[in-house]
Structures are given as C-alpha cells and as structure tokens.
Amino acid sequence: MEYTHKPVLLNECLDALSVRPDGVYVDGTLGRAGHSREIAKRLTAGRLIAIDRDKAALDEAPHRLEGYMDRVTLVRGNFGDLTEILAGLGVDGVDGMLFDLGVSSPQLDDGSRGFSYLQDAPLDMRMDQSAPLTARDVVNGWDQEELRRILWQYGEERYSGLIAAAIVRERARAAIETTGQLAELIRSAMPAKARREKQHPAKRSFQAIRIAVNDELGEVERMLEGAWKALNPGGRLAVISFHSLEDRLVKTAYAQWAKGCTCPPDFPVCVCGKTPRVRLVGKRPITASEQELEENPRARSAKLRVAERLSR
C-alpha cells in the first residue's frame with residue numbers, strides 16, 4: 001500500500017529529546033520509522049533501540065532506516081516489556097525515550113488488518129499478528145457485561161449497553177465475522193439522533209475493542225513504570241497520546257514522579273523521605289501547530305508530555 005507517512009509532532013519530539021550524538025535512545029513504537037529515522041540521523045557513536053510488536057514495521061525498517069542501520073538495534077516486542085528488553089540487550093541506562101501510542105497510520109490504512117470501520121475486512125485488530133486474541137474472539141466470545149464494560153471504559157460509549165446487547169443477539173444467530181458487519185450492527189443499535197452525529201457511530205466502539213485486543217492501557221502502565229527507572233539522570237521521556245485514557249495515565253504518572261513526597265497535607269514536615277524523581281518539561285502538553293494539522297489531520301488529538309529524570 002502506498003502512503004505518505006507523517007510522523008506526529010516530529011520537531012517537537014526532537015526538541016524534547018535533545019539528542020546527543022553519543023547517546024542511547026529508545027523509540028518504543030517504531031511504526032514506519034518516521035521518528036526513528038530523525039533520531040538515528042543525529043547519532044554518531046550513539047545507539048537507537050527501536051521496538052515494535054508489528055512484524056510488518058520491523059520488516060520495512062531496514063529500508064526506511066537505510067544509511068543509519070549501523071546505529072540501530074531492532075527489537076520485536078511490546079513496549080510494556082521495556083525493562084526486560086533493555087536487560088536482554090545489556091543496556092543499563094538510556095538518555096531518552098519516545099513512545100507514540102495507539103494504532104499507527106499504516107495499520108489503519110491497511111484495510112485487511114481490521115482496524116477500520118470504513119473498510120470491510122475480517123475482524124482482527126491485532127497490532128502483533130502472532131498474538132492469539134483477535135477482535136473476532138472478543139466480539140463473539142466475551143459475555144454481554146464484559147462487552148458493555150469495555151465499550152464504556154475504553155470507548156466512553158454512552159450507548160454501550162444497547163450495543164453489547166445487540167452484539168449478543170446477533171451472534172446467537174451467526175458469528176460476526178467482518179468489520180463491516182460489526183460497524184452496521186453498532187450503527188443500527190444506536191438511537192437515531194446518535195446516528196446523525198458528525199462522528200461515525202462505530203468510532204468509539206472500534207477504539208474500545210482495539211484497546212481490549214491489544215491490552216493497550218496495560219502496556220502503557222507497564223511501560224511507564226519501567227521507563228523512568230531506565231533513564232539516565234538528565235534523560236527525557238516523551239510520550240504522545242491520542243485519547244484521554246492514555247493521556248490520563250501519562251499525566252498521573254508524571255505528576256506522581258514530580259511530586260515526590262507522599263505525606264498527608266496536614267503533616268508539618270515530610271517523614272516519607274521521598275523526593276521528586278523527574279522534572280516536568282512544560283506545564284501543559286504540547287499539541288500540533290495549525291500548519292501540521294493542515295498537513296496531517298490525524299495529529300489533531302495528539303498530546304506530547306515530556307519529563308526529565310533528576311537523579312538515580
């Protein structure tokens with residue numbers, strides 16, 4: 001499939017990481033290597049560790065990183081396993097990390113992957129196509145209450161109950177096999193006023209099912225716990241999120257690390273002895289400029305948060 005890949009918030013990410021030519025960096029979401037290529041360009045004696053769970057991304061990486069592969073280590077894995085990945089490579093500290101969360105544009109654009117409600121394809125939605133759980137398994141196998149829960153919790157879908165009930169009724173007649181079937185089923189389960197909204201009726205539900213299939217929020221939590229520990233003093237963690245659930249996890253983790261002391265507010269002095277682990281770089285998340293939005297509308301919901309490690 002031909003497409004033009006536009007890495008989101010590219011200049012802002014490079015400014016945030018402040019890449020040193022001899023530094024060690026991690027791109028935890030290689031994707032189509034837009035960010036990785038620009039980081040690798042700035043290295044001489046340094047090293048970039050590029051991680052992705054999608055074999056297609058890793059297969060294309062040598063071509064996309066042509067001329068820079070001598071300073072790149074490719075790893076197939078989940079960024080939630082960051083601690084184990086770095087240990088396996090013998091890396092005990094890094095100078096910067098970037099994580100571009102959520103589904104990548106090529107995955108959305110490739111209709112056969114089953115991420116899109118706009119193209120009919122088998123229900124899949126796996127970022128790692130060797131993983132056992134598919135969207136078909138979730139839609140046809142999870143009970144009604146669990147379906148309702150994920151639609152509400154991960155998609156913030158206010159008609160989650162109606163949609164879950166409709167899915168269970170339909171699959172009792174025959175298995176739901178394709179994205180087109182599911183999208184139409186979701187649309188028909190919603191009230192007429194909801195179907196008239198600007199946003200596609202299936203958008204929130206597809207997001208929810210995708211998050212469940214790939215355990216996206218769990219992976220983010222595990223990544224955050226491992227990332228700050230792996231940073232060298234002065235190293236920076238840059239995370240781009242695209243929806244409120246991811247951003248809330250990042251914002252909360254950063255705030256806890258930056259606060260340090262956990263004593264109750266009414267304690268006259270600190271007795272816990274905890275000190276801030278990071279410094280927040282900027283009080284507000286960084287968002288796309290108007291120029292970038294004109295060139296890449298998918299950047300509209302992107303938020304970049306940056307934290308700098310203070311000490312070991």
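The values are calculated or read from the model by the stated rules, or taken from the named source; none is laboratory data. Note that the structure is predicted; figures quoted are calculated from it, not measured. Note: ideal-geometry Cβ built from the backbone for every residue, glycine included; neighbour counts use all protein chains shown. To get the accessible areas, we keep the full protein, side chains included, count just its heavy atoms, and leave off ligands, DNA and RNA. Shrake-Rupley method; radii C 1.70, N 1.55, O 1.52, S 1.80 Å.
Values computed for the structure shown
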read-out: Computed Kirkwood radius, in angstrom, where 1/r is averaged over Cα pairs of the chain; value: 20.8 Å
read-out: Segment residue 258-residue 133, length gained on full extension (0.36 nm per residue, minus Cα span); value: 41.3 nm
read-out: Heavy-atom accessible area per residue - the chain, 1.4 Å, Å²; value: 48 Å²
read-out: FRET efficiency estimate (nearest 0.05) - Cβ-Cβ, residue 144 to residue 195, R0 25 angstrom; value: 0.70
read-out: Largest to smallest principal axis extent of the C-alpha atoms in region 29-142, angstrom; value: 50, 27, 19
read-out: Accessible surface of region 184-303, 1.4 Å probe, proportion on carbon and sulfur as whole %; value: 52 percent
read-out: Added length on full extension, which subtracts the Cα-Cα distance from 0.36 nm per residue, residue 287 to residue 84; value: 69.9 nm
read-out: Mean ellipticity per residue at 222 nm, deg cm²/dmol - from DSSP H runs of n ≥ 4 across the chain, formula -39500 (n - 2.57); value: -12500 deg cm²/dmol
read-out: Members of 203/283; 229/259; 229/283; 229/303; 41/251; 6/203 lying beyond 25 Å, as alpha-carbon distances in this model show; value: 203/283; 41/251
read-out: The chain - charge dipole about Cα centre, Lys and Arg +1 at Cβ, Asp and Glu -1, debye rounded to 20; value: 920 debye
read-out: Karplus-derived HN-Hα couplings along region 242-247 (A = 6.51, B = -1.76, C = 1.60, θ = phi - 60°), whole Hz, x at Gly and Pro; value: 10, 9, 4, 5, 5, 4
read-out: Residues residue 266 and residue 55, FRET efficiency given R0 of 45 Å [Cβ-Cβ distance, rounded to 0.05]; value: 0.25
read-out: The chain: relative contact order as a whole-number percent, Cα under 8 Å and 6+ apart; value: 18 percent
read-out: Three-way shape call for region 168-312 based on the alpha-carbon gyration tensor, with the a/c threshold at 1.5; value: prolate
read-out: Residues of region 126-144 with amide N under 13 Å of the 7 Å Cα→Cβ point at residue 177; value: none
read-out: Theoretical gain in end-to-end length, residue 203 to residue 18 [0.36 nm per residue, Cα-Cα removed]; value: 63.0 nm
